[in-house]
Structure formats: structure tokens, C-alpha cells
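Take a look at the structure below.
The values are calculated or read from the model by the stated rules, or taken from the named source; none is laboratory data. This structure is a prediction, so every number in the text was calculated from the model and none was measured. Note that each Cβ is placed from the backbone with ideal geometry, even for glycine, and that neighbours are counted across all protein chains shown.
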Amino acid sequence: MLFGVSVREHILLFAALVLTACPPPISTPDAATTIEDAGISSSDAGTSDAGTRGPFDAGTDPGAPTPGELTFWQLDLPPGPLARTGEAGILIGTDGTLVLIDVGNSNHDDEILAAVSELNTQLLTPGRGYRQRAEFEVEYVLLTHFHADHIGSFDALASQLNITRGVVHRGFVDVGPGTNETDFSAMCTQLTGTLAAKNLALCTGSPSSPCTISGRAPATSCAGLTRGELFDVTDDASGDPSFIDLGNGARLELLGANGFMLQGRTPVASAAFGVTDVNEENARSLVMLVRHGAFRFLLAGDLSGSGQPTEPDLESFVVNSAPDVFANGGIDVTHANHHARKTSSNANWVNATAPSDGKTRNVLAGINAAYVNSPHQETLDAWTNGARLGPGGRLVVTHRAPLGGTGTALLDVNGRATLQTVERGGGYWLAGSAYESVRR
Ligand SMILES: [Zn+2]
């Protein structure tokens, strides 16, 4: 059966590659630009200065992290013999800060460790402009929510990774049968025991939940969203929105978690919803905005948006809570919620992130072959009908699953998908093509 799926997928992959090959890069290739100096010659780091730059020139595909630029790897996590779903990404700061965003399923620890090792021993080296790093060193692990495909390998990784700053999660609150108890219990036990010093819960209860799904333990506070720079304890009482410093003015901002969103400097709860359905756990996903200069990258785990009875419409709540995030151009690259399934990417979300103004934007989804039907055709259509993503804009997936949607704007890289800024956020490379940031 798996073999049959594989043959079908290879045929479809080939078709997809033919249909989507080589959208015209916006950049002019510059053969003289080397990997070492690509992107670090721009002088105006950390600012958006539309109207003052010359023509956008992304140079050649940098191919590897470069000092001064942000990189994101959406990892390829094969299902393995047990056909497990799984998603993970690694955000690489302009200074080499490493942030794992989810860690895949319980069979994916090897892929995570291999990617971290590759970065620390081959790419983020003193010879390439970074400080010396330990092989398995990461500054942060961010867990978007408590499903097996996002936290399953955490227990195994906890004893192998060198996590220097913290593990950020929604909090041990509002836990119910919508989570996966085995994986949740293992992760929670680590973070309340051996790794307690690294535990960064964004929301808390009075009391919080034990490491089981026996009681809901509702959130009474999400003060973790207002602690300023997360590793800097001196600003914890400031009430400033929480963020992770990624160097050179780049940052990952934590906008929401567990059904709460910052409105200004105040965490506000959405309309109440339950804890029993898997999509009610998805709805509690972290909401994160990554910024570098003019560049915007939005991630929100498996956030739901359909508004069906057990699929709370948190996408619209996010859009309405944080209008500044979406104003003046939307989002350059949106991480599609919930593996591009039709529980998510509702009309409000798609309109806010990609406002169909003729400019080019892209969408990125972490999918493996076990997410049968991903990306859903309805979701692919929502993003790409009417040329919403602009010239050359695409839905990029790590791996189109069996029975997933098809279309010319779908790019199945069948492997790791790499996103990297250039010109200090003036533009970016995604899956081999270059784009100008909409606010450049
Ligand atoms: Zn998921």
C-alpha cells in the first residue's frame, strides 16, 4: 500500500514540478556575490525605508545561513514505518540564534538532531562569521500546541539538545482530551522536573494542570505574553510585548497563545471554547510574527478558523486583535495553519495576510505524506485563486500528501524548504526563487 502511494506521489510530484518549474525570479542574478558576503553589504539594517532604495537585487541564492540575515528551515520529516505525521522548523537568527519551532512526532528526533548538528558544525561556524557553537546547542524550543505531531520527540530531545535559554509553550492550562496525553505528559514532566529552569509558560492557571488531562485547569493569566525580551529578566515587569531577539533588529514576537491575543499590551481572551476536540487544541496555538526590516513572516501552528462548532475561529480573532500586524501590506510569507488543511486559512485570514493587491506573497506549509489530503484543494484554492499571491507567489509545501490538492501555484519541494531574507529583510529567497518584501 505504501509503495502504491509512493508511485502515485512521484507521478504527481513530477507533474507538479513541470507545472510550477521556475517562476520568474524577481532578482537579477549576480554571479559576483559570494555566500560569505551576500546580504551583509546593505547599510540600513532593521528598518523599512520604502522609496529610498534602488532596484531590488537579491543576488544569487545564498544557499546557507548568512550573518545579518534570517533563515528558516521547514524540515522534511518522513512518516517512517508507523506513518506518523510531524512538523518542525528551525529559525536561524541573524546572529545564529537557533529557535526550534515544534519538534515533530516521536520518531523525528533523529531528523531534528541532524539538522541542528548540520547548522552548528557546518554552517554557523566562526569561519562563516558566527561564534563557535556546541553541536546540539539551541537557544529556544517553541511548542505551538500539545499535539503529537508537534511535541512528540520533545521527550527524547530533552536529554540530547543543549537548550540554553528556554522552552516556550502555551502553558499547562486548558488541557483536555483534545491533546495527546502520552506526549503531553512526557513533555510536561520534563518541563516541571529536569528542565524546570527552562520552562517558559505563556499562560498559567491557579493552579495550573498536573501533567495529565484529568482536569481542565483554565488559564487565569497569560502574563508570559508581556515580559519584553524573553531572556532579559530586567524587563519582565515592563508589560512590554514578549519577543525573542534574533540580532540586528530582527525579532520573533509572541502575539498570542492559548486563545488569548495581545490587544496593545493586554492579553485578551477570545470567545470561550472547549478542550475536548483536537481542533480546540489547535485553536490554542502560539501566534508568532517574525520581523527583519521590511520582512514579515507569520506563524500560528495549527490555529483553526473554519468556525465549525468544534473548530473555533481563532484566525478571525487574531486578525481583529492585531490590526497593526496586517496593515500596510499584510504578510510576506505566511506559514499555513494546520498543514494547509481546510479547518484553517479562512477568508478573513487569507484577506488579511495576502490582500490581493497585485504584490507577490508566499505561503509555506509543513506537510509529510501522513497528512493525507494536505494541502486540501479548498485551502490551496483559497490562497491562490484569482492570483491572490501575485506574480510568482506560491503555496510551498515540504511534501504534498496523497490526495492533496493540485494547481500551478503549488510548489512541492519534496524536502526541506528554505526561506532566507536578503538585503536585511528588503527581500527574501524561498524554495529557490527571490521576492521583494511588500514593504520594501
Ligand atoms: Zn499538526
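Among the residues of segment 192-207, none qualifies, meaning not one is within 16 Å of the ligand (Cβ to nearest atom) and crowded, with 19+ Cβ neighbours inside 10 Å.
Quick grid of which residues meet (1) touching a helix residue (DSSP H, G or I) at 6+ places or on another chain (Cβ under 6 Å); (2) at pLDDT 95 or above; (3) of a type in the set (Gly, Ala, Ser):
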residue	(1), (2), (3)
Gly80	no, yes, yes
Gly86	yes, yes, yes
Gly93	no, yes, yes
Val99	no, yes, no
Asn107	no, yes, no
Ala115	no, yes, yes
Leu119	no, yes, no
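Step by step: first the residues of segment 331-351, then only those that are in a loop (DSSP other than H, G, I, E, B) and aliphatic (A, V, I, L, M), then the one that is nearest to the ligand (Cβ to nearest atom). Which residue is that? First the steps, then the outcome.
Taking segment 331-351 as the starting set, the residues that turn out to be in a loop (DSSP other than H, G, I, E, B) are 331-332, 336, 341-346.
If we keep only those that are aliphatic (A, V, I, L, M) too, we end up with 331, 336.
On the way: Ile331: 20, Ala336: 11 Å.
Residue satisfying both the conditions and the ranking: Ala336.
Taking the criterion of being surrounded by fewer than 22 Cβ atoms within 10 Å (Cβ to Cβ) and of a type in the set (A, V, I, L, M), the only residue of segment 399-412 that qualifies is Leu403. Here Ile244 passes the criteria (1) hydrophobic (A, V, I, L, M, F, W, C); (2) crowded, with 20+ Cβ neighbours inside 10 Å; (3) within 29 Å of Thr310 (Cα to Cα) except the one numbered (3).
Where strands (runs of 3 or more DSSP E) fall wholly inside segment 60-128, the ranges with 3 or more residues that are within 16 Å of the ligand (Cβ to nearest atom) are 98-103. Considering only segment 313-330, state which residues are away from the ligand (no atom under 16 Å from the Cβ) and either aromatic (Phe, Trp, Tyr) or crowded, with 24+ Cβ neighbours inside 10 Å (or both). Scanning segment 313-330 gives Phe317, Val318, Phe326.
Is there a residue being aliphatic (A, V, I, L, M), outside any loop (DSSP other than H, G, I, E, B), without any contact (Cβ under 8 Å) to a residue 60 or more places away in the chain and within 19 Å of Val103 (Cβ to Cβ) anywhere in segment 173-189? Yes, because at least one residue in segment 173-189 is aliphatic (A, V, I, L, M), outside any loop (DSSP other than H, G, I, E, B), without any contact (Cβ under 8 Å) to a residue 60 or more places away in the chain and within 19 Å of Val103 (Cβ to Cβ).
Looking for something more than 16 Å from the ligand (Cβ to nearest atom), over 18 Å from the mean Cα position of the chain (by Cα) and touching a residue at least 12 places away in the same chain (Cβ under 8 Å) - is there at least one such residue anywhere in segment 278-292?
Of all residues in segment 278-292, those more than 16 Å from the ligand (Cβ to nearest atom) come to 289-292.
From the residues that got through so far, the ones that are over 18 Å from the mean Cα position of the chain (by Cα) too are none.
No; the residues of segment 278-292 include none that is more than 16 Å from the ligand (Cβ to nearest atom), over 18 Å from the mean Cα position of the chain (by Cα) and touching a residue at least 12 places away in the same chain (Cβ under 8 Å).
Please work out if Met288 is modelled with pLDDT of 95 or more, outside any loop (DSSP other than H, G, I, E, B), within 28 Å of Ala352 (Cα to Cα) and not charged (D, E, K, R). So Met288 passes the test.
Pairing residues of segment 83-95 that are within 17 Å of Ala365 (Cβ to Cβ) with residues that are within 11 Å of the ligand (Cβ to nearest atom) and part of a strand (DSSP E or B), at Cβ distances under 7 Å and at least 6 apart in sequence or on separate chains, gives Glu87/Asp102; Ala88/Asp102; Gly89/Asp102. The residues of segment 112-136 that are under 18 Å from Thr71 (Cα atoms) and charged (D, E, K, R), listed by number, are Glu118, Arg128, Arg131, Arg133.
Selection of first residues in segment 137-150 that are under 10 Å from Asp302 (Cα atoms) and of second residues that are assigned to a strand (DSSP E or B), restricted to Cβ pairs under 8 Å at least 6 apart or on distinct chains, gives the following pairs, ordered by first then second residue: Thr144/Ile101; Thr144/Asp102; Thr144/Leu299; His150/Ala88; His150/Asp102; His150/Val103. With respect to the stated conditions, Pro309 is without any contact (Cβ under 8 Å) to a residue 12 or more places away in the chain, more than 16 Å from the ligand (Cβ to nearest atom) and either under 29 Å from Gly425 (Cα atoms) or of a type outside the set (Ser, Thr, Tyr) (or both).
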